[in-house]
Amino acid sequence: ELAQRILTDMRANLHDYQGVLVKHERIGGKLGAETHMEFKIRNPTQSPKAGLASYMKFTQPRSARGREVIWIEGQNENKMVVHEGGLLNLLRIELAPDSSLAMLGNKYSVTEIGMLRLVEKLIEKIDRDVDLSQCIIETRDGEMVGDRSCQLIQVTQPRSVPGADFYIAQVFLDTERQIPLRYAAFMWPERAGDEPPLEEEYTYLDVQLNVGLRDIDFDPDNPAYNFP
C-alpha cells in the first residue's frame, strides 16, 4: 500500500529531477566496482504524451569517466546515443538498450533507470515473487542517505524459496519528500554466520526535484555536453 501510494504521488507530482546515481551490482557472480554518474531524468507525461527521458554522465570508475548517454523512450528507434570519454571520444554511437555492448557491465538496461521505475519494479517483485506473510518487515527512522534523513524499510525472507531474488531488501525513503533514495538487496550467505553478500545497490544523491528540464537537456547537440 505504501509503495502504491508513493508511485501514485510520483506519477502525479514528480515531473523531472537531477542528481548523482551510485550503482553497485553483482554480474555473473562477481561484484563490480561502484559506478557514479550525474543524471537528469524527465518522467513520462500524458499531456502532451512523452516517454521517459534520461541523460547520464559517468564520473567513476576511471575507465568510464566522461562517457555520456542519452536515451528517450520511443524516440530514435528507441536507441540510446553514447560516446566514450577522453581520447576515445571519437564517435557518436547509437545502441539498442538491450544489445550486448550496451549491457556490458550493467545488470539492467537503461530503460530501467530512475526512481519511478524503481518503485514500479519493487511493486512487481512483491506481487510476483514475495510472500509477505513469510517475511520479517522492519522499519527504522533517522537513517541518512547523503544529507537526507530517511526511513529504512527492510524486508527479510528467512528461507530461500524458488524464485526469490533477495534474502534482505532495503528501501530508504526520504522522510520529507517521500521518494526512494536507496535500494539494496542482499543474498543468503553460503555459511551460517557470514555476512549476506550484496547483490545490487542503487543510491540517489544530491537529488533536486522539478527543476524544469527541457528538450535541450536530452539533446546530444547540447553545447554543454561533449558528444562528438
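The values are calculated or read from the model by the stated rules, or taken from the named source; none is laboratory data. All values derive from a computational prediction rather than experimental measurement. FYI the Cβ positions are ideal-geometry reconstructions off the backbone, even for glycines, and counts take in every protein chain you see. Protein only, heavy atoms only, side chains kept; ligands, DNA and RNA dropped before computing areas. Shrake-Rupley method; radii C 1.70, N 1.55, O 1.52, S 1.80 Å.
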ask   = Looking at 154, 134, which one is of a type in the set (S, T, N, Q), touching a residue at least 12 places away in the same chain (Cβ under 8 Å) and under 18 Å from residue 2 (Cα atoms)?
value = 154
message = When the residues of the stretch 34-51 are narrowed to those that are part of a loop (DSSP other than H, G, I, E, B) and modelled with pLDDT of 95 or more, which ends up surrounded by the fewest Cβ atoms within 10 Å (Cβ to Cβ)?
response = 34
query = Taking only pairs six or more apart or across chains, which ones have beta-carbon atoms under 8 Å, a first residue in the stretch 20-40 that is closer than 18 Å to residue 165 by Cα and touching a residue at least 24 places away in the same chain (Cβ under 8 Å), and a second residue that is in a loop (DSSP other than H, G, I, E, B) and basic (Lys, Arg)?
reply = 25/107; 26/107; 27/107
request  = Identify, by number, the condition in (1) closer than 28 Å to residue 123 by Cβ; (2) in contact (Cβ under 8 Å) with a residue 12 or more places away in the chain; (3) among the basic types (Lys, Arg); (4) open to solvent by 50 Å² or more (accessible area, probe 1.4 Å) that residue 67 doesn't meet.
outcome  = (1)
request  = Tell me which of these residue 125 doesn't satisfy, since it passes every other one: (1) outside any helix (DSSP H, G or I); (2) at pLDDT below 95.
outcome  = (1)
inquiry  = Which residue is farthest from residue 33 (Cα to Cα), if the candidates are limited to the stretch 104-130 and must be open to solvent by 60 Å² or more (accessible area, probe 1.4 Å) and hydrophobic (A, V, I, L, M, F, W, C)?
reply    = 126
ask   = Could we say that residue 165 is under 19 Å from residue 27 (Cα atoms), assigned to a loop (DSSP other than H, G, I, E, B) and open to solvent by 30 Å² or more (accessible area, probe 1.4 Å) here?
value = yes
